[in-house]
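Reading through the structure tokens given below for one structure.
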Amino acid sequence: MNDVLEIAYRKDTDDDRWVIPEVIDQDMYCVKSLLTNIQPAGPSYIIDCGAHIGAFSIMCAQHLSNIEVISFEPNPDSFMYLSQNADRFGKIQALNKAVSINDGTLNLYAPDQSDWSGRWTTLPNSNEFLTVESVGLFSFINKLDKEVFILKLDVEGYEEALIDELKDGDLKNIQVIIVETHTDHFDHQKLINHGYSLLFNPGISSARQFVYSRN
């Protein structure tokens, strides 16, 4: 991917140690090798929650057709890079907001490791925190004018709360769900009960990541 050299990122952090090598160089989520083959024929959305600097959003914008990417990133520092990348690569709408169960605010806590500059979390710790605007994710999705091809959830431990609060119909227009889990409590059975099956696990990452597709 020649455009990889144009990506805005923080040097000597998890941005260039893990995120870009895995998501872009190695195509961890198989955007090029698999998801291009199952994308809808008509226009659709990609919803990237916890977009960080926008690596996954960039892959979708570059390799998928007839899509609009909506990228949520609440951390102001990460959002600065995401916004630059949205301008550079196109088809990406960057929103400096968290996703939540309802509209409102969330406290976002700093990570323990300074080189993990993007991994702020809603899980309380003893570090500094920011209070950020939040959007009720599924009410937001249910108001969209097109179906969602991919919903990606990498929100540093808040994935469980979002899935636990699912209501009937919340997933009806979502074809693929990508989720990185941060505890042992994620309810995979709930996705299965809503008609999804595991498509694959990204094997190149040590994180617990799952890609589900609607049956």
Check the stretch 6-27 and report whether any residue there is within 27 Å of D145 (Cβ to Cβ), over 14 Å from the mean Cα position of the chain (by Cα) and of a type in the set (S, T, Y). no
Checked D87, D27, D77 against criteria (of a type in the set (D, E, K, R) and without any contact (Cβ under 8 Å) to a residue 12 or more places away in the chain); the one match is D87
Residue under evaluation Y29, criteria (1) hydroxyl-bearing (S, T, Y); (2) in contact with a Pro (Cβ under 9 Å, 6 or more places away or on another chain); (3) surrounded by fewer than 18 Cβ atoms within 10 Å (Cβ to Cβ), criterion not met: (3)
Testing Y196 on (1) under 19 Å from S57 (Cβ atoms); (2) surrounded by 20 or more Cβ atoms within 10 Å (Cβ to Cβ), one condition comes back false. Which one is that? (1)
Whichever residue in the stretch 159-173 is within 22 Å of L199 (Cβ to Cβ) and aliphatic (A, V, I, L, M) and, among such residues, is surrounded by the fewest Cβ atoms within 10 Å (Cβ to Cβ): L166
Counting only residues in the stretch 36-92 that are more than 17 Å from the chain's Cα centre (by Cα) and of a type in the set (V, I, T), the one surrounded by the fewest Cβ atoms within 10 Å (Cβ to Cβ) is identified as I38
Return the pair list, or none, for Cβ contacts closer than 8 Å from residues in the stretch 150-161 that are closer than 19 Å to N75 by Cα to residues that are of a type in the set (K, R) and in a loop (DSSP other than H, G, I, E, B), at least 6 apart or on different chains. E156/R119
Show the residue pairs that are 6+ apart or on different chains and have beta-carbon atoms under 6 Å apart, the first residue being within the stretch 175-200 and at negative phi, the second being crowded, with 19+ Cβ neighbours inside 10 Å and basic (K, R). I178/K152
Just give me the residues in the stretch 159-214 being closer than 16 Å to I141 by Cα, among the β-branched types (V, I, T) and not in a strand (DSSP E or B), in sequence order. I163
Within the stretch 139-158, take every residue that is assigned to a helix (DSSP H, G or I) and either charged (D, E, K, R) or touching a strand residue (DSSP E or B) at 6+ places or on another chain (Cβ under 9 Å) (or both) and give me the one that is surrounded by the fewest Cβ atoms within 10 Å (Cβ to Cβ). F140
Search result, residues across the stretch 97-128 that are of a type outside the set (D, E), farther than 21 Å from E180 by Cβ and modelled with pLDDT of 85 or more: N102, G104, T105
When the stretch 22-68 is examined, which residues are found to be closer than 21 Å to S206 by Cα and part of a loop (DSSP other than H, G, I, E, B)? Q26, D27, M28, Y29, C30, G50, A51, H52, I53, G54
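The values are calculated or read from the model by the stated rules, or taken from the named source; none is laboratory data. Remember, it's a predicted structure, so these values are computed and weren't measured experimentally. Positions of Cβ are backbone-derived with ideal geometry, glycine not excepted, and every protein chain shown enters the neighbour counts.
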